[in-house]
Each structure stands twice: as C-alpha cells, then as structure tokens.
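Any read-out appearing in this document is the output of simple, stated calculations on the displayed coordinates, not a laboratory observation. Given the structure is predicted, the values throughout are model-derived calculations rather than measurements. Glycine also receives a Cβ, built like all others from the backbone with ideal geometry; neighbour counts cover every protein chain displayed.
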Amino acid sequence: MDGIINEIISKNKKGDLESLKNYLEKNQSSLKNNVGHISNAITALEPREHSMGICYLLYTKAVHQPDQSFVSNVELFFDSYNASQIRDRCADKFATIVHKYTEMLRNVKQPARGIVRLQKIINTFCERSSELSPVHPDFVLLCLLSKNYKVATVALERTIYDIDPKKLGVTPKDFMMYYYYGAMIWIGLKDWDRAYNFLVTCITIPCTALSAIVVEAYKKFVIVSLITQGKLDGPPKQSSNFLQRNIKKFCNEYIEFANAFKAKDQQKMTQILQQHKDTFESDKNTGIINQASKKFIHQAVQRLTSTYLTLSLSDIATNVGLTNAKEAEEILLLMIEEGDLNATINQKDGMVSFIDGTQTSVMDVIEEEMDNARHIVQQLEKMDDDIQVSRDYVHKQLLRDPSTREEIEEGRGFKGKGGKMLSRAAELFQ
Amino acid sequence: MSDIQDKLKENVAAGQWGEVVHDCEQYELKTQMRGGNGDAAFYNTFMIAYLITNDLDNARFLHKRLPDGIAKDGDMSAIWLATQCLWNKKLPEFHAAISAHQWQNPNIAPALQEAVRERTLQLYSRAYLSVAVKDLAAVLGVSPDDALKRAEAQKVVKKVEGDFIHFQASKAPQKATTVDGVVSNTGMNTLKKLCNHVLFMEK
C-alpha cells in the first residue's frame with residue numbers, strides 16, 4: 001500500500017495522470033488485498049491534488065469492503081475533489097463510489113445527509129448544465145427518500161442534451177433511473193406535463209428487452225396520460241418496437257382502467273379499482289390513480305364548456321355524475337382556483353357562466369412554445385455539426401463513397417483533385 | 001441556531017414570507033448534511049411560512065420528514081390540523097382550528113389567518129358573480145358584517161341585495177412585458193420576438 005501511495009504522490013507531482021491511471025489499473029488486485037488499510041492510506045493524500053488516486057482507493061473499498069468509515073471517507077473526498085482528474089479517466093469508478101454512498105445512506109435511513117453534497121457534485125462534475133451524469137439519479141433518489149421534493153427541481157428543470165458515457169461514466173440504467181425518479185418528483189408536485197415528458201423519455205429508450213424500470217415507468221405513464229390528455233393512445237411512436245409489442249402483458253390492469261376512462265364509464269372505473277386494488281397498492285400507484293379519478297370529473301366539466309355558455313349547478317351535477325348542486329359548486333370553485341376552468345358562479349340563481357380563454361393568454365402560450373422550438377432546433381443543429389466532424393462519422397463516410405473506399409482498403413493514395421487531402425484525412429481516421 | 005432565529009424573526013416581522021421559506025429550506029439542508037435537525041420553533045415557523053405562501057404540497061412533504069417528537073409538539077399538531085383543513089378546502093374548520101388553539105408564539109397564527117382570508121376573498125370575487133353573505137363569512141371565519149366590510153375594502157363589491165353580495169366582473173390584468181430589463185407595455189417585446197422568428201426562418 002505504501003508503494004501505491006508513493007506512486008500516486010510522485011506521478012501527481014509530475015502531472016503524469018495517464019501513467020498513474022495505467023499503474024492503478026494494473027494494481028487493482030493489490031488494492032483489493034489491502035482494502036483494510038485504505039482508510040488510513042487516504043489520510044496521507046490531499047483530495048484536491050490526488051483526486052484520481054483517492055478515487056481508485058475508494059472504488060476498491062466500495063466494491064470490496066464498504067464499512068462504516070466509507071461514508072465519512074467519501075464525504076471528505078466529495079467536499080474538495082478535483083473533477084478534472086476524474087472526468088475522461090475514471091468516471092465509471094467515481095460513479096460506483098457515488099452509487100455505493102447513496103446506497104449506504106439509504107440503509108442507515110439518512111438520505112437527507114447526502115443531498116447538498118450530491119447537488120454540489122452535479123455542478124462541479126458536469127462542465128455544462130445540459131450534461132447528464134451518474135450523480136443525477138442518486139441525487140433525485142435521495143430527495144425522494146427524504147421527501148425534499150422541491151430541492152430536486154433545481155436539477156430536474158435543466159434540459160439534458162449531452163450524454164457522454166466515456167467522459168462522465170453515465171450508463172443506460174442511470175438515464176432510465178434519472179427520468180423515472182424525476183417523473184416521481186413531478187408527480188408529487190403535481191406538475192403533470194413535466195411528469196409526462198419525463199416518463200416518455202424514460203420509456204422511449206432504445207431497447208431489445210424490457211427492464212423493470214421501463215415497466216414501472218410505463219404504468220405511471222398510462223395514468224399520467226389520462227390526467228394530461230384524458231386518454232391513452234398507446235406507447236409513444238418513438239418507443240422501441242419491442243416495447244410496443246410486449247408492454248401490455250405487464251400492465252393489463254392499467255390498460256383496463258385507461259380504456260374505462262377513455263369510454264367515460266365511471267362505474268367501470270370504480271369496479272376496476274376495486275378489483276385490482278391489491279395490484280395498484282403493491283405498485284404504490286394508488287395515490288396517482290385517485291388523482292386520475294378526480295381529473296376524470298374535472299375533464300367531464302371541461303367538456304361541458306364546449307357545448308354550453310351557461311348551465312345550472314344541478315344540471316352540471318347530473319351531467320358529470322355528482323351527488324348534488326353543492327358538490328358541483330365545490331368542484332367548480334376548485335377548478336377555477338387551479339386555473340382549469342374559466343367560469344363564474346351565480347349562487348343566487350344557481351347558474352354557471354363559462355368564459356372563453358383570453359386571446360392574450362393563448363398568444364403567450366404560442367410564443368413560448370415557438371421560443372422553445374427555436375431553442376431546441378439550435379441545439380439540434382449544434383449536435384449535427386458535432387457529429388459531422390467526429391472521427392467515426394468521417395471515417396464511415398469515406399468508406400461509403402465507392403471512389404474512396406477502394407483506395408482506403410488497399411492502402412493506396414487518392415488520385416485526382418483533393419486526393420492528397422482525402423488521403424491525409426483517411427490516415428488520421430484509421 | 002441563534003443566527004437563523006434572528007434572521008427569521010426579522011423576516012417574519014417584515015412579512016417577507018418568501019424569504020422565510022428560502023432561509024428555512026437552506027438551513028434545513030445544511031443541518032441535515034451535518035446529521036442534525038432544527039428545533040420545534042424552527043419547524044413551526046417553516047410550516048406556517050409554507051401555508052402563508054400557499055405551498056400546501058411542500059407543507060405536506062415537510063410534515064412527512066419532521067424529526068421524531070416534533071410532529072406531536074403542541075403548536076405543530078395545530079398547524080398540521082390547519083394544513084389538513086386547507087388541503088381539504090374546509091375553510092370554516094380551518095378558522096375554528098386556528099382560533100381554538102393556545103399558541104406559544106401568538107404572532108404567527110394571525111398572519112396565517114389573514115393570508116388565507118385575503119386569498120379566499122380574491123378567489124371568491126373572481127369565481128362568483130353572487131354569493132350568500134353567510135357563506136362568504138363562513139369561509140373567511142368572520143361575522144357577516146365583517147365579511148361585507150372586507151369585500152368593500154377590496155373594492156370588489158358591485159352591490160348587496162338582501163342576503164347576497166354581488167361582485168364586480170373581474171378583468172384579466174394586461175400582462176406587462178419586459179424588454180432588456182425594462183418593464184414595458186408597448187409592442188417592443190413582441191417586435192423583438194417576431195424579429196428572432198424571422199431571422200430563424202431566413203436561416
């Protein structure tokens with residue numbers, strides 16, 4: 001162990017991090033054999049200066065002996081580590097440390113302890129706010145477990161464009177968990193549109209097999225679709241063929257409920273809720289299904305606005321299936337408060353007048369959507385440019401062109417105009 | 001703890017409840033990072049601040065993560081009962097719960113009641129063309145005469161006819177737009193957006 005520590009210190013002094021990385025990779029078995037001494041060994045190192053070395057040590061401890069001192073060791077490391085030493089070199093090992101840290105906080109029932117640290121790591125480990133790191137899902141998970149939903153929104157509100165497994169060690173599981181946990185946060189805060197977008201992102205990951213995460217996300221997707229759109233149109237078109245063909249057999253009860261919701265059959269919905277009560281409870285989806293049942297009533301009231309300008313409270317109660325006019329009045333007041341309905345109630349006459357949405361508010365929404373679309377197109381153009389100059393793409397394009405493919409394969413130089421340039425490009429990309 | 005208490009007292013006295021929420025959130029996260037928690041007085045102020053700023057979702061989550069023992073504290077159990085009444089839209093019960101409890105800190109409960117009354121009156125004046133005075137008084141937790149006086153002070157009353165109060169038709173406020181940090185009601189912001197769209201389409 002002393003030899004390893006000395007090597008870490010000396011190579012860091014020389015700034016030879018690549019060589020240090022190779023050395024540590026080769027000596028992983030030695031680290032494993034000395035895992036009991038790692039806590040003491042770390043005290044000889046400076047987190048800021050020797051971040052990569054400490055990362056390997058803590059990784060070994062995370063995998064082979066995550067004892068009680070592991071959490072405090074990791075917290076000292078997180079408080080002053082140097083992210084530039086970790087990125088591109090040992091990001092996958094850093095991810096393992098973060099996951100194990102989160103798991104241990106969960107086991108000792110202290111999830112709130114890690115929130116501020118993981119939030120700080122997201123800001124330091126990622127160079128841009130649009131990057132997804134393996135820290136993101138663990139941060140959101142700790143917020144969920146500790147009921148600190150509002151804190152998680154700071155990260156969830158950032159739009160993710162950049163996913164770089166080599167640079168930041170993010171895996172497909174991290175991607176799915178981030179969007180699944182994120183959807184649960186938005187569901188808790190009743191931001192149904194964002195919850196829907198997060199669930200769509202989670203279930204449209206390309207796949208040739210169904211993961212448990214996608215199955216659970218799809219169950220919530222069914223219910224959130226009913227809340228946001230009043231119906232379920234099936235899996236999103238951009239989801240994989242495998243999911244589209246096979247998802248239904250894992251969530252039959254939810255599809256049944258969605259069909260009854262779409263058919264506006266309140267009695268059937270109640271029957272399905274009773275029949276599959278145990279399934280919904282074990283999936284922990286009872287709360288969200290109750291929200292969908294309430295939204296069913298609200299959507300029924302909203303449908304009346306397309307037919308009537310004024311209607312009595314008792315007629316609203318009859319049309320929507322409520323007990324009496326008083327209950328209808330309470331529901332209308334709630335909808336007006338939440339902004340789901342533009343109407344005024346004349347309690348004296350027992351009449352309700354429905355009002356159209358103002359032109360100003362519709363135009364504001366259109367302008368906001370156009371701004372969002374313009375921003376997204378600019379991001380896509382930038383991503384397209386990055387792909388066009390990437391090594392793999394240029395090499396593939398050179399191979400595709402019949403006039404250049406033969407020369408590359410036979411190792412001969414290019415002929416004709418621009419031949420020297422193409423020849424040089426082919427050499428660079430081989 | 002004393003630093004945060006002084007800061008909270010200052011903001012509570014100034015009625016800056018948004019700042020109170022922010023300071024409480026930051027303090028709670030920092031103490032939890034060190035494995036600690038705030039005391040009962042801190043959490044009471046925190047909960048009340050959420051209720052005054054009408055953030056019932058986060059108030060519920062705060063109650064779920066309260067440390068052991070604090071949830072059953074005298075003032076906190078009354079605050080939680082009030083939260084449940086607000087959540088279930090049972091406003092007469094809310095006012096009854098607030099009035100019935102003997103508060104250790106006598107300043108915060110009146111602030112909460114007044115905030116709820118103001119929000120309720122604004123909602124009713126927006127949602128109703130006419131409403132029974134006794135119903136309005138019940139949801140405001142005041143006498144019918146007091147309810148009328150409050151509505152007249154807000155200038156939302158069109159007329160009072162028998163047992164019913166008629167509200168003025170509410171107008172949607174014209175949204176002020178901002179151009180380079182200067183609030184403006186002219187079309188400059190719209191022009192700027194249209195220019196951006198045209199440049200984008202030309203490209």
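Go through A:LYS268/B:LYS90; A:LYS147/A:LYS231; A:LYS100/A:LYS120; A:LYS382/B:LYS203 and tell me which ones have a Cα-Cα distance over 21 Å in this structure. Intermediate results must be reported in sequence, preceding the final value.
Values: A:LYS268/B:LYS90 30 Å; A:LYS147/A:LYS231 30 Å; A:LYS100/A:LYS120 18 Å; A:LYS382/B:LYS203 14 Å.
From A:LYS268/B:LYS90; A:LYS147/A:LYS231; A:LYS100/A:LYS120; A:LYS382/B:LYS203, over 21 Å: A:LYS268/B:LYS90; A:LYS147/A:LYS231.
Counting other C-beta atoms within 10 Å, which of B:ARG150, A:ARG158 has the fewest, and how do the rest follow? Don't skip to the answer; put the middle values down first.
Values: B:ARG150 19, A:ARG158 16.
Fewest to most other Cβ atoms nearby, the residues stand as A:ARG158, B:ARG150.
Could you check what % of the DSSP bridge pairs in the protein assembly as shown are antiparallel, to the nearest 5? Before the final figure, lay out the partial values.
Values: 17 of 20 bridges.
In the protein assembly as shown, DSSP labels about 85 percent of beta bridges as antiparallel.
For the residue pair B:ASN196 and B:ALA96, what label-to-label distance in nm results when each label sits 7 Å from Cα along the Cα-to-beta-carbon direction?
It is 5.3 nm.
Compute the Cα gyration tensor for region A:1-143, then decide on rounded, prolate or oblate, letting a ≥ b ≥ c be the square roots of its eigenvalues: rounded whenever a/c is under 1.5, prolate when a/b is larger than b/c in the other cases, and oblate in all that remain. Kindly include the intermediate steps, with their values, before the conclusion.
Details: a/c = 2.03, a/b = 1.33, b/c = 1.52.
Cα axes put region A:1-143 in the oblate bin.
Note down the magnitude of the dipole of the protein assembly as shown about its Cα centre, charges +1 on Lys and Arg C-beta and -1 on Asp and Glu C-beta and zero elsewhere, to the nearest 20 debye.
Working: 78 positive and 79 negative charges, 234 e Å.
Here the protein assembly as shown has a charge dipole of around 1120 debye.
Under the rule a/c < 1.5 gives rounded, and otherwise a/b versus b/c splits prolate from oblate, where does region A:228-366 land using the Cα gyration tensor? Kindly include the intermediate steps, with their values, before the conclusion.
Details: a/c = 2.75, a/b = 1.60, b/c = 1.71.
Oblate shape, in that a/c is at least 1.5 and b/c is the bigger or equal ratio.
Please arrange A:HIS395, A:HIS64 by how many other C-beta atoms lie within 10 Å of their C-beta, fewest to most. Write down the numbers at each step before the final one.
Working: A:HIS395 16, A:HIS64 13.
Listed from fewest to most nearby Cβ atoms, that is A:HIS64, A:HIS395.
So for the protein assembly as shown, taking the charge dipole from beta-carbon charges (+1 Lys/Arg, -1 Asp/Glu), which of A:ASN252, B:ALA138, B:MET47 sits furthest toward the positive end?
It is A:ASN252.
Would you work out the relative contact order for chain B, in percent, from Cα pairs under 8 angstrom that are 6 or more residues apart?
Values: 171 pairs, mean separation 23.9, N = 203.
So the answer I get is 12 percent.
How long are the semi-axes of the equivalent ellipsoid of the protein assembly as shown, taking √(5λ) for every eigenvalue λ of the Cα gyration tensor, in whole Å from largest down? Intermediate values should be presented prior to the final figure.
Details: eigenvalues 548, 238, 127 Å².
Whole-Å semi-axes of the equivalent ellipsoid: 52, 35, 25.
For chain B, just say rounded, prolate or oblate: build the C-alpha gyration tensor, square-root its eigenvalues into a ≥ b ≥ c, call rounded for a/c under 1.5, and beyond that prolate if a/b exceeds b/c, oblate if not.
Working: a/c = 2.50, a/b = 1.13, b/c = 2.22.
In terms of gyration-tensor shape, oblate.
Given the pairs A:LYS167/B:LYS30; A:LYS21/A:LYS166; A:LYS348/B:LYS89, which are separated by over 25 angstrom at their Cα positions?
On the way: A:LYS167/B:LYS30 30 Å; A:LYS21/A:LYS166 15 Å; A:LYS348/B:LYS89 22 Å.
Checking Cα-Cα distances, A:LYS167/B:LYS30 exceed 25 Å.
Pairs of Cα atoms under 8 Å, at least six residues apart: use those to get the relative contact order of region A:1-151, whole percent.
On the way: 151 pairs, mean separation 29.0, N = 151.
RCO, region A:1-151: 19 percent.
With labels modelled as points extended 7 Å from the Cα through the Cβ direction, what inter-label distance (nm, one decimal) is found for A:ARG391 paired with A:LYS14?
Spacing of the two 7 Å Cα→Cβ label points: 2.4 nm.
In nm, to one decimal, how far is the B:THR53 label point from the A:ASP67 one, both placed 7 Å along Cα→Cβ?
4.4 nm
Gain in length, A:GLU367 to A:ASP88, computed as 0.36 nm per residue apart minus the alpha-carbon separation, to one decimal in nm?
Details: separation 279, 0.36 × 279 = 100.44 nm, distance 4.00 nm.
Gain on stretching A:GLU367 to A:ASP88: 96.4 nm.
As I understand it, the dipole of the protein assembly as shown uses +1 on the Cβ of Lys and Arg and -1 on the Cβ of Asp and Glu, about the Cα centre. Which of A:ASN12, B:ALA96, A:ASN342 lies farthest toward its positive end?
A:ASN12
Do you know the relative contact order of region A:218-365, to the nearest whole percent, from alpha carbon pairs under 8 angstrom that are 6+ apart? Mind dumping the intermediate values first?
Numbers: 118 pairs, mean separation 26.2, N = 148.
After rounding, I find 18 percent.
Could you compute the FRET efficiency for B:MET188 and A:ARG374, with r as their C-beta to C-beta distance and R0 at 22 Å, rounded to 0.05? All intermediate terms of the calculation are to be shown ahead of the outcome.
On the way: r = 19 Å, r/R0 = 0.86.
Rounded to the nearest 0.05, the efficiency is 0.70.
Mind sorting A:GLU337, A:GLU330, A:GLU216 by how few other Cβ atoms lie within 10 Å of their own Cβ, fewest first? Working shown, then result.
Details: A:GLU337 17, A:GLU330 12, A:GLU216 21.
With the sparsest Cβ surroundings first, the list reads A:GLU330, A:GLU337, A:GLU216.
I need the Debye-formula profile for region B:64-114: one equal scatterer per C-alpha, no solvent, reported as log10 I(q)/I(0) at q = 0.12, 0.14, 0.21 1/Å, two decimals.
Scattering profile of region B:64-114, log10 relative to I(0): -0.25, -0.35, -0.75.
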